[in-house]
1. Restricting to the range 91-141, count the residues that are modelled with pLDDT under 95 and among the aromatic types (Phe, Trp, Tyr).
2. In the range 103-123, how many residues are closer than 15 Å to LEU15 by Cβ, of a type outside the set (Ser, Thr, Tyr) and open to solvent by 50 Å² or more (accessible area, probe 1.4 Å)?
3. Take the residues in the range 65-85 that are of a type outside the set (Gly, Ala, Ser) and surrounded by fewer than 11 Cβ atoms within 10 Å (Cβ to Cβ); name whichever of them is nearest to VAL132 (Cα to Cα).
4. Scan LYS117, LYS141 and give me the residue that is out of contact with any Asp or Glu (no Cβ under 8 Å at 6 or more places or on another chain), within 25 Å of PHE26 (Cβ to Cβ) and without any contact (Cβ under 8 Å) to a residue 60 or more places away in the chain.
5. Filter the range 1-22 for residues that are free of Cβ contacts under 8 Å to residues at least 40 places away in the same chain and part of a loop (DSSP other than H, G, I, E, B) and give the result.
6. Pick out the one residue from PHE42, PHE51 that is open to solvent by less than 30 Å² (accessible area, probe 1.4 Å) and not basic (Lys, Arg).
7. I'd like the residue in the range 183-218 that is of a type in the set (Phe, Trp, Tyr) and out of contact with any Ser or Thr (no Cβ under 7 Å at 6 or more places or on another chain) and, out of all such residues, is modelled with the lowest pLDDT.
Amino acid sequence: MTRIKHVFFDLDHTLWDFEKNSDLTFQKLFKEYQIDLDIAVFLDVYKPINFKYWRWYRQEKVSKEQLRYQRLKEAFDTVHFSISDELIDTLAIQYIELMPNFNHLFEGAIDILNYLKDKYQLHIITNGFQEVQDKKMKSSKIQHYFDQVITSESVGVKKPNPLIFEHALSVSKATKENSIMIGDSLEADIEGAINFGMKAIYFNSENNINNSKNNLFLTVRSLPEIKQYL
């Protein structure tokens, strides 16, 4: 790791606590729109559906608009809750607009960023929607740590496509040899970076089963563990 000069982070599920902030957003929306449905039941169904649609989004199988609407539609249908298409559309829009207002980060996020910022140039590579990622970072007060914020929408391709990593290195004036990627997705962040030729650290906070055929990366369960390697 002595050659590393550039550290590229994923944002959602890695620094920014997507699940906690998403849950709080849905709680607010259900209350505001008087949706008479147990929020815990909805979230239990919604989360794997959302994960599935994000995988399809990375694979170019659904558009951003389809992801926003269909994940909610499928979740409500699964719990047999009657809701109009108009209200689903409203919720889809409001969810994206409201979620950046919540600013919970993973435990140790600020500490690790403070630890790294004087030793490396820090950057973000995210598949998240461009219009909300900046808001999330400003709300959680972490935008000043990063030199470059690369979104898939600005590049035109999504992780794990090697073109987004190539673009990230170009704008950051970095090389494969002096860069490392840190993220929570084995497919998008870790295998994407490794296959491109970068080093990678897998942030496995959920203790998920490692089904990757690639063993060329490090794994941490918490953000402070990164100090062992950088």
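The values are calculated or read from the model by the stated rules, or taken from the named source; none is laboratory data. These figures come from a predicted structure and were not determined experimentally. Cβ atoms come from the backbone with ideal geometry, glycine included; neighbour counts cover every protein chain shown. Please note that ligands, DNA and RNA were not included when accessible areas were found on the heavy atoms of the full protein model with its side chains. Shrake-Rupley method; radii C 1.70, N 1.55, O 1.52, S 1.80 Å.
1. 1
2. Number satisfying all stated conditions: 7.
3. Our first condition is that a residue be of a type outside the set (Gly, Ala, Ser); within the range 65-85, this holds for 65-74, 76-81, 83, 85.
Going one step further and asking which of them are surrounded by fewer than 11 Cβ atoms within 10 Å (Cβ to Cβ), we end up with 65, 80, 85.
Numbers: GLU65: 14, HIS80: 30, ASP85: 23 Å.
The extreme case among them is GLU65.
4. Working: LYS117 fails: within 25 Å of PHE26 (Cβ to Cβ).
It is LYS141.
5. Initially, the range 1-22 is screened for residues free of Cβ contacts under 8 Å to residues at least 40 places away in the same chain, giving 2, 18-19.
Once the filter is applied, which keeps residues that are free of Cβ contacts under 8 Å to residues at least 40 places away in the same chain and part of a loop (DSSP other than H, G, I, E, B), the range 1-22 yields only THR2.
6. On the way: PHE51 fails: open to solvent by less than 30 Å² (accessible area, probe 1.4 Å).
Only one candidate qualifies: PHE42.
7. Here is the first cut: in the range 183-218, the ones of a type in the set (Phe, Trp, Tyr) are 196, 202-203, 217.
If we keep only those that are out of contact with any Ser or Thr (no Cβ under 7 Å at 6 or more places or on another chain) too, we end up with 196, 217.
On the way: PHE196: 97, PHE217: 94.
Checking each candidate, the answer is PHE217.
So that you can scan it fast, the table gives a plain yes or no per residue for (1) modelled with pLDDT of 95 or more; (2) closer than 28 Å to LEU186 by Cα; (3) aliphatic (A, V, I, L, M):
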residue	(1), (2), (3)
ASP38	yes, no, no
LEU43	yes, yes, yes
PRO48	yes, yes, no
GLN66	yes, yes, no
ALA75	yes, yes, yes
ASP89	yes, no, no
